[in-house]
Amino acid sequence: MFFFGGKEIHIQVGPYGGTGGTDWDDGCHRRIERIFVSYSSRYIGSIQTVYKDFSNNIVIAPRRGPYSYTFEVVHPPPETPITRIDGYFDRTGITYLEFSTNNGKIGSFGSKTGSPFTYKDPRGFAGFHGRSNGIYLVSLGVHVNSCATKYLNPSTSSSSKKESA
C-alpha cells in the first residue's frame with residue numbers, strides 16, 4: 001500500500017502480531033518524536049505516538065490499546081529518527097518492543113516470548129498501524145519513507161525527449 005505525504009512516498013509494512021482486535025492507522029508523518037508505551041510483564045498494553053508532520057507541527061495520535069501496569073516514554077534525541085524496531089508476538093498480541101536509533105537502543109519493554117520480528121530503515125519510520133483490543137496491543141506495523149519518488153516522478157530533461165525528424 002502506498003501513501004503520499006509531502007514529497008515522499010510512504011509504504012505500509014506489516015503488521016506483525018495477532019489477528020484479533022480492531023484495525024488502526026496513525027497515518028504518515030515526517031518523523032516520530034515520542035512513543036508512550038504501557039506494558040505488563042507479559043504483553044504490551046498500548047502505544048501512543050507523538051509525530052512531527054510535514055509542516056513541522058506536532059501531531060498526537062490516539063492511544064492504541066489500554067493502559068497497563070507500567071508506563072514509560074521513548075524519547076529519541078532531537079532530529080534523530082528511530083531506525084529499528086525489534087519485537088516479539090504470539091497469537092494474542094505483542095509481547096516485547098525495543099526501539100533503536102542509528103546510535104543504539106533507546107528503550108525496551110515487555111517479555112521476549114513468542115516469535116521475533118524486526119523493522120529496519122536507516123531513514124526512520126513515518127508512522128505506525130496495527131490492531132488493538134481492550135486488553136493488548138495485538139499487532140504493530142510501520143510506514144516507511146521510500147526513495148521511489150525519483151523513479152515515479154521522472155524529470156523531463158532535454159536529453160530524454162525524442163528528437164523529431
Review point. What list of ³J(HN,Hα) values in whole Hz, one per residue of the stretch 47-58 in order, does the Karplus curve 6.51 cos²θ - 1.76 cosθ + 1.60 (θ = phi - 60°) give from phi, with Gly and Pro shown as x?
Key: 10, 9, 10, 10, 10, 10, 7, 6, 9, 6, 8, 7
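Mind ordering 73-81, 94-102, 48-56 by average Cβ neighbours within 10 Å, highest first? Before the final figure, lay out the partial values.
Working: 73-81: 13.6, 94-102: 20.2, 48-56: 15.6.
Descending mean neighbour count gives 94-102, 48-56, 73-81.
Roughly how large, in nm² to one decimal, is the mean projection of the convex hull of the alpha-carbon atoms in the stretch 2-149? Mind dumping the intermediate values first?
Numbers: hull surface 31.4 nm².
For the stretch 2-149, averaging the hull's shadow over all directions gives 7.8 nm².
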Exercise for review: Taking H placed 1.01 Å from N in the peptide plane, check which residues at least 5 places from Phe128 or on another chain put their amide H under 5 Å from its amide H.
Suggested key: Asp26, Gly27, His143
Check your understanding: Once amide H atoms are built 1.01 Å from N in the peptide plane, which residues 5 or more positions from Arg64, or in another chain, come under 5 Å H to H?
Key -> Ile47, Gln48
Exercise for review: With θ set to phi - 60°, apply the Karplus curve 6.51 cos²θ - 1.76 cosθ + 1.60 along the stretch 109-124 and write out the HN-Hα couplings as whole Hz, x wherever there is a Gly or Pro.
Suggested key: 8, x, 10, 7, 10, x, 9, x, 8, 9, 10, 9, 7, x, 8, x
Exercise for review: Step through the residues of the stretch 13-23 one at a time and calculate ³J(HN,Hα) from phi using the Karplus curve (6.51 cos²θ - 1.76 cosθ + 1.60, θ = phi - 60°), rounding each to whole Hz and writing x for Gly and Pro.
Suggested key: 10, x, x, 9, x, x, 10, x, x, 10, 5
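Bear in mind these aren't lab numbers, they're just calculated from the coordinates by the rules spelled out. All figures in this text were calculated on a predicted structure; none of them were measured in a lab. Every residue, glycine as well, gets a Cβ built from its backbone with ideal geometry; the counts of neighbours run over all protein chains shown.
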